[in-house]
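To start, the structure itself, in structure tokens.
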Amino acid sequence: MTGPSTDPRSAGAGSPAAPPPTRRGTEAVMLAFAVVITLAAQSVVDITLTGSLRPELATFGGWFTALWVVMHLVVRRFAPYADPLLLPAVALLSGLGLTMIHRLDLAGEQVGATATREDAPVQLVWATLGVVLFVAVLLVVRDHRLLSRFAYTLALVGLLLLALPAVLPASISSVNGAKIWIRLAGFSIQPGEFAKICLIIFFAAYLVDKRDVLALASRRVMGLELPRGRDLGPVVVAWMLSILVLVFERDLGSSLLLFGIFVVMLYVATERASWLVIGVGLFGAGALLAYQFFGHVQVRVDTWLDPFAYRDTGGYQMVQSLFGLGTGGLFGAGLGGGRPDEVPVAKSDFIAAAIGEELGLFGLVAVIVVYLVLVERGLRSSLIVRDAFGKLLAAGLSFAIAWQVFVVLGGVTGLLPLTGLTTPFVAYGGSSLVANFALLAILVRISDAARRPATPAVPPGTPPRATFVDAPTEVVKP
């Protein structure tokens, strides 16, 4: 027996390495799995509440399936190396959201609600618009690094979108006390959802340019390397922006979301824990001042601390949510078996409570795990993408999803004060759903760049290129 040949002229020495798999087949299988789960859940809801399958189920099933077929084909063509779990995770979340909204629609019909419009078909239309925007972003943004060229323009757009509801009359911008909407001719939009993406892109580009300066330390206090005083400007500006949003728009959710995203991206860029400490301290000081000087903040906090003391007024929604979660227990009442419609605004702000009541603690944890998969795949792309801007952008977008889910679930369960944020991809709301599809498209583009091989793949069947050792030799006499 002879050992393996070490001759460089042995077979395969000059053959190119096989290209890495694109995993689009895995994505297709997982998408089919998500669609099947969605249709099964819809069927269970129909049979439980109406005793039979509604004819609209076939239309819904075909429409919902077509959306994800289109997205899969577009990703297969224009982002072939994208992470294969991003789309299936979102498909499962959006399918569950449509199922719960449909279930609450049927509950409204059973109790003879005056509003006859069903919101599930409207949400499906919004999902379709989200898919259109997803495709447009993938077609226009062929390289995520191009976004850094428009960072300051996007920052201006984001600030304008964020400030616009504050300067409009309350009659067209205020809902439940928060001035975060634009409502005209029966159409409403929440511009802050799109401002969030614009500002995250700006944060990533700015921090890439300034991270060396921001990482400098002036002195060490209690084990923390504190930054220089003149470098505190960006975090102070972000803090002031969040306070202005809280004061003029009465929107605790957006204020907490934007400031949290900026501080975490600053920490990722500089790798200094002192920025986290400074950020938490600034937000705590701002929250204390807001509580002392603004009545609506005091009401929110007092209701959060003791919702049962306000169960007939501002705490009714929180109390009903806690009762629903308690009724669901570990395994839930089953789809169609609970009364999630007893919670006000259950389709949007408190859809997590509806899921917890009918699917139980295990079902709610399963939904959280799907979010964790989505966030983990985004952070994985952040780790392996080759450019610094892409790393920060993917980390910021992923953290935005994680932070929003944490704040929403914290409010629903009483861990945090209610903020008015929506559960991404699940809750009813066109602005949130469409904006999050755009966010998903950017993540898909970054993950495609991260997993794409550095050298162009060689098509199958291409003959191996001749190497130096394969070249013919000839003896030349002087």
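The values are calculated or read from the model by the stated rules, or taken from the named source; none is laboratory data. Fair warning: this is a prediction, and the values are worked out from it, not measured in the lab. Cβ coordinates were reconstructed from backbone atoms using ideal geometry, including for glycine residues, and neighbour counts include every protein chain displayed.
Output the number of the condition that residue 421 fails; it satisfies all remaining conditions of (1) under 30 Å from residue 308 (Cα atoms); (2) at pLDDT 95 or above. With respect to (1) under 30 Å from residue 308 (Cα atoms); (2) at pLDDT 95 or above, residue 421 is out only on (2).
All of (1) modelled with pLDDT of 90 or more; (2) over 16 Å from the mean Cα position of the chain (by Cα) hold for residue 367 with one exception: (2).
Residues that are assigned to a helix (DSSP H, G or I) and out of contact with any Phe, Trp or Tyr (no Cβ under 8 Å at 6 or more places or on another chain) were ranked within the range 215-235; the one that is modelled with the lowest pLDDT is 229.
In this entry, residue 238 is excluded by the filter for residues that are in contact with a Gly (Cβ under 9 Å, 6 or more places away or on another chain), among the hydrophobic types (A, V, I, L, M, F, W, C) and at pLDDT below 75.
Against the numbered list (1) surrounded by fewer than 19 Cβ atoms within 10 Å (Cβ to Cβ); (2) of a type in the set (Phe, Trp, Tyr); (3) within 30 Å of residue 155 (Cα to Cα), residue 259 comes up short only at (1).
Going through (1) surrounded by fewer than 16 Cβ atoms within 10 Å (Cβ to Cβ); (2) over 30 Å from residue 343 (Cβ atoms) one by one, residue 85 falls short only on (1).
Taking the conditions exactly as written (among the aliphatic types (A, V, I, L, M), touching a helix residue (DSSP H, G or I) at 6+ places or on another chain (Cβ under 6 Å), at pLDDT 80 or above and closer than 21 Å to residue 421 by Cβ), does residue 180 satisfy them or not? Walk me through how you get there before you give the answer.
Numbers: among the aliphatic types (A, V, I, L, M): yes; touching a helix residue (DSSP H, G or I) at 6+ places or on another chain (Cβ under 6 Å): yes; at pLDDT 80 or above: no; closer than 21 Å to residue 421 by Cβ: yes.
So residue 180 fails the test.
Just give me the residues in the range 118-155 being β-branched (Val, Ile, Thr) and in a helix (DSSP H, G or I), in sequence order. I'd like the intermediate steps shown before the answer.
We begin by selecting, within the range 118-155, every residue β-branched (Val, Ile, Thr); these are 122, 125, 128, 131-132, 135, 137, 140-141, 153.
Correct list: 122, 125, 128, 131, 132, 135, 137, 140, 153.
Regarding the range 140-147, can at least one residue be identified that is under 30 Å from residue 449 (Cα atoms), touching a Pro at 6+ places or on another chain (Cβ under 9 Å) and in contact (Cβ under 8 Å) with a residue 12 or more places away in the chain? Looking for residues that are under 30 Å from residue 449 (Cα atoms), touching a Pro at 6+ places or on another chain (Cβ under 9 Å) and in contact (Cβ under 8 Å) with a residue 12 or more places away in the chain, one finds none in the range 140-147, hence no.
Could you grab me the full set of residues in the range 336-366 that are in a helix (DSSP H, G or I), of a type outside the set (Asp, Glu) and buried (at least 21 other Cβ atoms within 10 Å of the Cβ)? Let's see the steps before the verdict.
Of all residues in the range 336-366, those in a helix (DSSP H, G or I) come to 340-342, 351-366.
Filter again for of a type outside the set (Asp, Glu), leaving 340, 351-356, 359-366.
Scanning the range 336-366 gives 340, 351, 352, 353, 354, 355, 356, 359, 360, 364.
From the list 423, 413, exactly one residue is in contact (Cβ under 8 Å) with a residue 12 or more places away in the chain, polar (S, T, N, Q), farther than 20 Å from residue 267 by Cβ and surrounded by fewer than 24 Cβ atoms within 10 Å (Cβ to Cβ). Which is it? When all the criteria are applied, what remains is 413. Scanning the range 15-41 for residues that are surrounded by 15 or more Cβ atoms within 10 Å (Cβ to Cβ), over 24 Å from the mean Cα position of the chain (by Cα) and in a helix (DSSP H, G or I) yields no hits at all.
For the range 171-198, taking the residues that are buried (at least 17 other Cβ atoms within 10 Å of the Cβ) and among the charged types (D, E, K, R), the one that is nearest to residue 125 (Cα to Cα) is identified as 193.
Is it the case that residue 168 is surrounded by fewer than 18 Cβ atoms within 10 Å (Cβ to Cβ) and over 19 Å from residue 440 (Cβ atoms)? Let's see the steps before the verdict.
Working: surrounded by fewer than 18 Cβ atoms within 10 Å (Cβ to Cβ): yes; over 19 Å from residue 440 (Cβ atoms): yes.
It is true that residue 168 is surrounded by fewer than 18 Cβ atoms within 10 Å (Cβ to Cβ) and over 19 Å from residue 440 (Cβ atoms).
Residues in the range 378-395 that are surrounded by fewer than 21 Cβ atoms within 10 Å (Cβ to Cβ) and of a type in the set (Lys, Arg): 380, 386.
Residue-by-condition table, conditions (1) under 14 Å from residue 27 (Cβ atoms); (2) surrounded by 14 or more Cβ atoms within 10 Å (Cβ to Cβ); (3) of a type in the set (Val, Ile, Thr):
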residue	(1), (2), (3)
47	no, yes, yes
50	no, no, yes
54	no, yes, no
63	no, yes, no
67	no, yes, no
91	yes, yes, no
125	no, no, yes
137	no, yes, yes
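Please determine, by comparing only the residues of the range 138-152 that are closer than 15 Å to residue 80 by Cα and among the hydrophobic types (A, V, I, L, M, F, W, C), which one is nearest to the chain's Cα centre (by Cα). The selected residue is 138.
Taking residue 171, is it in contact with a Lys or Arg (Cβ under 9 Å, 6 or more places away or on another chain), within 28 Å of residue 300 (Cα to Cα) and at pLDDT below 80? Yes, satisfied.
Kindly indicate the residue of the range 392-410 that is without any contact (Cβ under 8 Å) to a residue 60 or more places away in the chain and farther than 25 Å from residue 334 by Cβ and also farthest from the chain's Cα centre (by Cα) among those meeting that condition. Quick ask: steps written out before the conclusion?
First, pick out the residues of the range 392-410 that are without any contact (Cβ under 8 Å) to a residue 60 or more places away in the chain: 394, 398, 401-402, 405-406, 408-410.
Filter once more, so that each one left must be farther than 25 Å from residue 334 by Cβ: 394, 398, 401-402, 406, 410.
Values: 394: 11, 398: 6, 401: 3, 402: 7, 406: 11, 410: 16 Å.
Checked the range 392-410; the qualifying residue farthest from the chain's Cα centre (by Cα) is 410.
Any idea which residue in the range 307-335 is surrounded by the most Cβ atoms within 10 Å (Cβ to Cβ), counting only those that are within 28 Å of the chain's Cα centre (by Cα), in contact (Cβ under 8 Å) with a residue 24 or more places away in the chain and not in a loop (DSSP other than H, G, I, E, B)? Taking the candidates together, the pick is 321.
Selection of the range 126-135 for residues being of a type outside the set (Phe, Trp, Tyr) and touching a residue at least 12 places away in the same chain (Cβ under 8 Å) yields 127, 128, 129, 130, 131, 133, 135.
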